[in-house]
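Colleague: Got a structure for you, written out below as structure tokens; questions coming shortly.
Read-outs throughout are calculated quantities, based only on the coordinates presented, and are distinct from any laboratory measurement. Not measured: the values here are computed from a predicted model. As a convention, Cβ positions derive from the backbone with ideal geometry for all residues, glycine included, and neighbour counts pool all protein chains shown.
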Amino acid sequence: MNYRVIVEVTLREGIADPEGATIERALPALGFTGVTNVHAGKSFRLDVEATDESAALERATALAERLLSNPVIENATARLGKAGE
Amino acid sequence: MTRIGVVVFPGSNCEYDAASGVTQLGAQAEFVWHSSTDLSGFDGIILPGGFAHGDYLRPGALARFSPVMEAVGRFAADGRPVLGICNGFQVLTEAGLLPGALQKNRGLTFLCQPTTLIVESTNSVLTSAATVGQELVIPINHFSGAYTCDDATLHQLEANGQVVLRYKDNPNGSRDDIAGVANVAGNVVGLMPHPERAMSTLLGSADGRVLLEGFVGAYVAVR
């Protein structure tokens, strides 16, 4: 069976995030005040063939750590997608 | 004659410059398609600049799984010279052959300009013909060139003399102004600047020659 999995890749704490910082600096000019701690990352949507949910998550986590993220600078988390996601 | 293999990935674009550079220094250059798994007969390997596999996902993330990279790993493990320039440096870090990673430039701008580098260590196949403290003017041409690593890795790099080149005036936000690093043995080196584009004063600088001369001559030392 196929399980929809969402993988999110974010920069590890302490790694410079020039993209997030640039977005944050732009917000006040657009009238969005009071928004801080902006971080940019990546999101991947996958359909993973597996026997059950936990096996699907395990496979997705493995590929996220091997390919979708660079563990030197990034963290990856996998979760099951909701209906229609 | 020294034979240098220049690896070509789909999306590489500096392979002719790299081949021309080492050829001008008396070596023979041969292109190696990324699907090749045989590097026998080569005295050194260059991973050139460009956008291997479109730089999709992250620069070097897909290139590290090209078939040739297993052979490059064995070549490196044998103590033979491997040089990654720009995108080639990114591929070497993704492949785990060099420590750290290359991040987007501080300021998020693509940088294409001459930079002044300072030789920090001559204990590598790239810097063996240079002198410590020597200043070299060599161009950069990248978007993801900010060298990044954690504190423990930085400490190791310093302790082992693995930082081979630093920027005099940090253009991209690289940690500790690092422009190029080597592995512990010094036979695998990566740098973001392009020494193969600094081969002639007529074209701005000939300071890349001393680096590529070291690389072309390096095989003698490891044979």
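Colleague: Restricting to Cα pairs below 8 Å that are 6+ residues apart, what does the relative contact order work out to for region A:2-80? Please round to a whole percent.
Modeller: Relative CO of region A:2-80 lands at 50 percent.
Colleague: Ok, one more. Once you place label points 7 Å from the Cα toward the Cβ at B:Asp151 and B:Gln113, how far apart are they in nm?
Modeller: 3.2 nm
Colleague: Which of rounded, prolate or oblate describes region B:1-74 when judged by the alpha-carbon gyration tensor and an a/c cut-off of 1.5?
Modeller: Note, shape of region B:1-74 comes out oblate.
Colleague: Right, next: Treating only the Cβ atoms of Lys and Arg (+1) and Asp and Glu (-1) as charged, compute the dipole magnitude of region B:3-222 about its Cα centre; round to the nearest 20 debye.
Modeller: The dipole magnitude comes to about 200 debye.
Colleague: Shape verdict for region B:124-223, please, from the Cα gyration tensor: rounded (a/c under 1.5), prolate (a/b greater than b/c) or oblate.
Modeller: Oblate shape, in that a/c is at least 1.5 and b/c is the bigger or equal ratio.
Colleague: Are there any helices in chain B, counted as whole DSSP H runs, that stretch 15 Å or more along their axis by Cα and score at least -1.0 on average by Kyte-Doolittle, and if so which?
Modeller: Helices meeting the span and hydropathy rule in chain B are B:208-222.
Colleague: Could you name the lysines in cross-link range of A:Lys42, using Cα to Cα under 29 Å and dropping any fewer than eight places away on the same chain?
Modeller: A:Lys82, B:Lys104
Colleague: Follow-up. Build a GNM of chain B with springs between Cα atoms under 10 Å: which of B:Ala101, B:Ala29, B:Ala77 gets the top mean-square fluctuation?
Modeller: Checking each option, the largest mean-square fluctuation is seen for B:Ala77.
Colleague: Computed over the Cα atoms of the protein assembly as shown, what is the ratio Rg over Rh, Rh following Kirkwood?
Modeller: 1.01
Colleague: Rounded if a/c is under 1.5, else prolate if a/b is larger than b/c, else oblate: which is region A:2-80, with a ≥ b ≥ c the root eigenvalues of its Cα gyration tensor?
Modeller: Taking the square roots of the gyration eigenvalues as a ≥ b ≥ c, region A:2-80 is prolate.
Colleague: Can I ask one more? So for region A:2-80, taking the charge dipole from beta-carbon charges (+1 Lys/Arg, -1 Asp/Glu), which of A:Phe44, A:Leu30, A:Ala56 sits furthest toward the positive end?
Modeller: Among A:Phe44, A:Leu30, A:Ala56, the one farthest towards the positive end of the dipole of region A:2-80 is A:Leu30.
Colleague: Continuing with the same structure: Over chain B, calculate the relative contact order: mean separation of alpha carbon pairs under 8 Å at least 6 apart, over the residue count, as a percent.
Modeller: Contact order relative to length: 21 percent.
Colleague: Using a simple charge model, +1 on the beta-carbon of Lys and Arg, -1 on the beta-carbon of Asp and Glu, nothing else, what dipole does the protein assembly as shown show about its Cα centre, in debye to the nearest 20?
Modeller: 240 debye
Colleague: When the helix-only estimate is applied to chain B (DSSP H runs of n ≥ 4, each -39,500 (n - 2.57), divided by the residue count), what is the mean residue ellipticity at 222 nm, nearest 500 deg cm²/dmol?
Modeller: Mean residue ellipticity, 222 nm, calculated: -7000 deg cm²/dmol.
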